[in-house]
Amino acid sequence: MRPWAVVVGALAAGVWLLAFGLFGMTLGGYVAWTVFAGAAAWAVSYALLRFGDRGVAVGVAAAVGVGWTAAVLSVVFEWIRRGAWPL
């Protein structure tokens, strides 16, 4: 596995998640778009793992994990700030 392939996969997935996350005008929209984009990226990551470059697949999967963590933390912080479930 080449380190640059992991970086390329992570950057590509990060841009992908950011682009779709910007479609959400509310917190709920952001979370929904991020989950959708992450699921699509994971499907591509699986295909890359089976038939393509495994390093890129690892980068994509890692970036999706980070993106989904950011979405969950956004919900948790808003929940703490409001005192009520934000979604």
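The values are calculated or read from the model by the stated rules, or taken from the named source; none is laboratory data. Bear in mind that the values here come from a model prediction, so they are computed numbers and not experimental data. When we count neighbours, we look across all protein chains shown, and the Cβ atoms used for this are built from the backbone with ideal geometry, even at glycine.
Among residues of the range 20-34 being modelled with pLDDT of 95 or more and surrounded by 14 or more Cβ atoms within 10 Å (Cβ to Cβ), the one that is nearest to the chain's Cα centre (by Cα) is Thr34. Val8 meets each of the listed conditions (1) surrounded by 15 or more Cβ atoms within 10 Å (Cβ to Cβ); (2) touching a Leu at 6+ places or on another chain (Cβ under 6 Å); (3) not aromatic (Phe, Trp, Tyr) apart from (2).
When Ala43 is tested against (1) surrounded by 15 or more Cβ atoms within 10 Å (Cβ to Cβ); (2) modelled with pLDDT of 95 or more; (3) out of contact with any Pro (no Cβ under 8 Å at 6 or more places or on another chain), exactly one condition is not met: (1).
Where the second residue is among the polar types (S, T, N, Q) and part of a helix (DSSP H, G or I) and the first is touching a residue at least 12 places away in the same chain (Cβ under 8 Å) and lies in the range 44-57, which pairs have Cβ atoms under 9 Å and are six or more apart or on separate chains? Correct list of pairs: Val56/Ser45; Ala57/Ser45.
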